Amino acid sequence: KRPKTAASKPLHYVSSDGIDIFVGKNNLQNDRLTLRDSDPEDIWLHTKNIPGSHVIIVTNGKTPPDTTIAQAAVIAALHSKAASSSQVPVDYTEVKNVKKPSGAPPGKVIYSTNRTLFVTPDANLAKRLFVK
């Protein structure tokens, strides 16, 4: 029997406003980040109809500034299949609006009452905000 390996941690960014942003690196991590590790008031972001990572803005119950939401959307676009595109649609909503359909595979969720931002992925911005 092999020993269980510790679950890897999501990627961690901090917006220019000083707000934590977390990014799942795979389907299982996306599930855990969105459905177990985040608060209902946190903001969830994902590229619209494009495979990619779940991104969480930790709000601590406060509304994050638009700059933080825009930066998180850029990071979401960068961690998706549309990383080399421009004007990528990124949906965002509160975590409480994100549900997992019964029997759905890891990483698959449905959501409601979302808004959409169109952003261009920016690796330089992500590099500046990344926390080692």
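Could you check how many residues of region 5-37 are outside any helix (DSSP H, G or I), of a type in the set (D, E, K, R) and under 12 Å from the mean Cα position of the chain (by Cα)? Write out each step before concluding.
First pass over region 5-37, keeping only residues outside any helix (DSSP H, G or I): 5-26, 37.
With the extra rule that they be of a type in the set (D, E, K, R), the set shrinks to 9, 17, 20, 25, 37.
Remaining after also requiring under 12 Å from the mean Cα position of the chain (by Cα): 20, 25.
Qualifying residue count, region 5-37: 2.
Hey, any hits in region 52-61 for a residue that's open to solvent by 30 Å² or more (accessible area, probe 1.4 Å), among the polar types (S, T, N, Q) and under 23 Å from Lys127 (Cβ atoms)?
Let us first name the residues in region 52-61 that are open to solvent by 30 Å² or more (accessible area, probe 1.4 Å), namely 58, 60-61.
If we keep only those that are among the polar types (S, T, N, Q) as well, we get 60.
If we keep only those that are under 23 Å from Lys127 (Cβ atoms) too, we end up with none.
For region 52-61, residues open to solvent by 30 Å² or more (accessible area, probe 1.4 Å), among the polar types (S, T, N, Q) and under 23 Å from Lys127 (Cβ atoms): absent.
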Residue list for region 77-103, restricted to those being in a strand (DSSP E or B) and open to solvent by 40 Å² or more (accessible area, probe 1.4 Å): Glu94, Lys99
Hits in region 104-123 - residues which are closer than 15 Å to Pro51 by Cβ, over 16 Å from the mean Cα position of the chain (by Cα) and open to solvent by 50 Å² or more (accessible area, probe 1.4 Å): Pro105
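Return yes when Val74 is touching a residue at least 24 places away in the same chain (Cβ under 8 Å), part of a strand (DSSP E or B) and either open to solvent by 30 Å² or more (accessible area, probe 1.4 Å) or in contact with a Ser or Thr (Cβ under 8 Å, 6 or more places away or on another chain) (or both) and no when it is not.
When the stated conditions are applied, Val74 does not pass them.
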Residue in region 112-126 that is farther than 18 Å from Tyr13 by Cα, touching a Lys or Arg at 6+ places or on another chain (Cβ under 9 Å), in contact (Cβ under 8 Å) with a residue 40 or more places away in the chain and not β-branched (Val, Ile, Thr) present: no
Members of region 40-51 found to be under 16 Å from Asp20 (Cβ atoms) and either crowded, with 22+ Cβ neighbours inside 10 Å or among the hydrophobic types (A, V, I, L, M, F, W, C) (or both), listed by number: Asp42, Ile43, Trp44, Leu45
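Test of understanding: among Pro64, Pro121, Pro40, which residue is assigned to a loop (DSSP other than H, G, I, E, B), touching a Leu at 6+ places or on another chain (Cβ under 9 Å) and either of a type in the set (Phe, Trp, Tyr) or modelled with pLDDT of 95 or more (or both)? Before you say what the answer is, go through the steps one by one.
Numbers: Pro64 fails: touching a Leu at 6+ places or on another chain (Cβ under 9 Å); Pro40 fails: touching a Leu at 6+ places or on another chain (Cβ under 9 Å).
Of Pro64, Pro121, Pro40, the one residue that is assigned to a loop (DSSP other than H, G, I, E, B), touching a Leu at 6+ places or on another chain (Cβ under 9 Å) and either of a type in the set (Phe, Trp, Tyr) or modelled with pLDDT of 95 or more (or both) is Pro121.
The values are calculated or read from the model by the stated rules, or taken from the named source; none is laboratory data. These numbers come from a predicted model, not from an experiment. No Cβ is skipped: glycine too gets one built from the backbone with ideal geometry, and neighbour counts run over all protein chains shown. Ligands, DNA and RNA are stripped out before the accessible areas are found, and what is left, the full protein with its side chains, is counted by its heavy atoms. Shrake-Rupley method; radii C 1.70, N 1.55, O 1.52, S 1.80 Å.
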